[in-house]
Amino acid sequence: MSAPNTETANLPRQFVQYAFFAVDPQWRRLPEDERAAGKEEFARVVDDYRGRAVIVPFSTVATRPDCDFCLWRIAYDLEIFQEMTARLLATGLGKYLTRPYSYLGQAKTSVYEDEFIHPSQEEKRSRVRPGEFKYMFVYPFVKTRDWFLLPKEERGEIMKEHIRVGHEYPSIKLNTIYSFGLDDQEWVVAFESNRPSDFVDLVMELRHTASSRYTLRDTPIFTCLRGENIRAVLDTLGG
């Protein structure tokens, strides 16, 4: 692997996290006013961090039996996630939440993009910018060790096919973060789209590419429905 450009290597990288929360069913049995107060307290904490972090809320109530909502969080300081999560869990709603899944990584330019990128374009290419799509499909991604032992040129040729297939689905926006050393997986991929059927077709087609031979794990997969705001997402919890 070639050495990184010294000018671009020093650019700050975004931390990106997909934090999934599950609600204890006992919370739904609380009096209505207590549930409402807990949701509002939780929402106010989220509001407090806007400006310091990008926070996009999604509901998974209808699509996963083991979690209820997701916060897609992006910030340049990892401590923001730590502080925010501690405050969220201390709220009236937070006391009834568990965190069955959480995926952490950093945004950086893909090693399969052009080897030489002008420094003025590096920050743009290496940032994650959520779009305005209705759906998000998220999963952790782990490659086999054999993949990393292939020559760089061979990996590049294999990925050309993978990238070509992705470009055939312009209705889908891909966001990739790198988790090496930060979390259990190597990457986390998040696809945004307004057309779930296109995502189904894309994933099916990618199964036929050479790169899929080297996939070790790409589950669990989360189908997430974007909420207009955090309060709209909390209103899907059934309380």
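Within region 183-219, how many residues are in contact with a Leu (Cβ under 7 Å, 6 or more places away or on another chain) and closer than 19 Å to TRP147 by Cβ?
Going through region 183-219 one residue at a time, the tally reaches 3.
Just name the residue that is surrounded by the most Cβ atoms within 10 Å (Cβ to Cβ) out of those in region 58-76 that are in contact with an Asp or Glu (Cβ under 9 Å, 6 or more places away or on another chain) and of a type outside the set (Gly, Ala, Ser).
Filtering first and then ranking leaves THR60.
What residue, among those in region 132-160 that are outside any loop (DSSP other than H, G, I, E, B) and β-branched (Val, Ile, Thr), is surrounded by the fewest Cβ atoms within 10 Å (Cβ to Cβ)?
For region 132-160, the residue satisfying everything is VAL142.
Can you name every residue in region 71-88 that is under 20 Å from ARG226 (Cα atoms) and in contact with a helix residue (DSSP H, G or I) (Cβ under 8 Å, 6 or more places away or on another chain)?
Of everything in region 71-88, those that are under 20 Å from ARG226 (Cα atoms) and in contact with a helix residue (DSSP H, G or I) (Cβ under 8 Å, 6 or more places away or on another chain) turn out to be LEU71, ARG73, ALA75, LEU88.
Scanning for something under 24 Å from ARG50 (Cα atoms), under 19 Å from the mean Cα position of the chain (by Cα) and not small (Gly, Ala, Ser), does region 193-206 turn up at least one residue?
no
Select from region 62-115 the residues that are in contact with a Pro (Cβ under 6 Å, 6 or more places away or on another chain) and aromatic (Phe, Trp, Tyr) and write down the one among them that is nearest to ASP184 (Cα to Cα).
Applying the filter and picking the extreme gives TYR103.
For residues that are more than 24 Å from ARG13 (Cβ to Cβ) and in contact with a Lys or Arg (Cβ under 8 Å, 6 or more places away or on another chain), scanning just region 173-196, find the one that is surrounded by the most Cβ atoms within 10 Å (Cβ to Cβ).
Restricting to residues being more than 24 Å from ARG13 (Cβ to Cβ) and in contact with a Lys or Arg (Cβ under 8 Å, 6 or more places away or on another chain), the top hit is SER193.
Of the numbered conditions (1) modelled with pLDDT of 95 or more; (2) under 21 Å from the mean Cα position of the chain (by Cα); (3) not β-branched (Val, Ile, Thr), PHE148 satisfies every one except a single condition; which is it?
(2)
Could you list all residues from region 200-239 that are among the charged types (D, E, K, R), assigned to a helix (DSSP H, G or I) and within 30 Å of VAL45 (Cβ to Cβ)?
ARG231, ASP235
The values are calculated or read from the model by the stated rules, or taken from the named source; none is laboratory data. Since the structure is predicted, the reported quantities are computational estimates derived from the model, not experimental observations. As a convention, Cβ positions derive from the backbone with ideal geometry for all residues, glycine included, and neighbour counts pool all protein chains shown.
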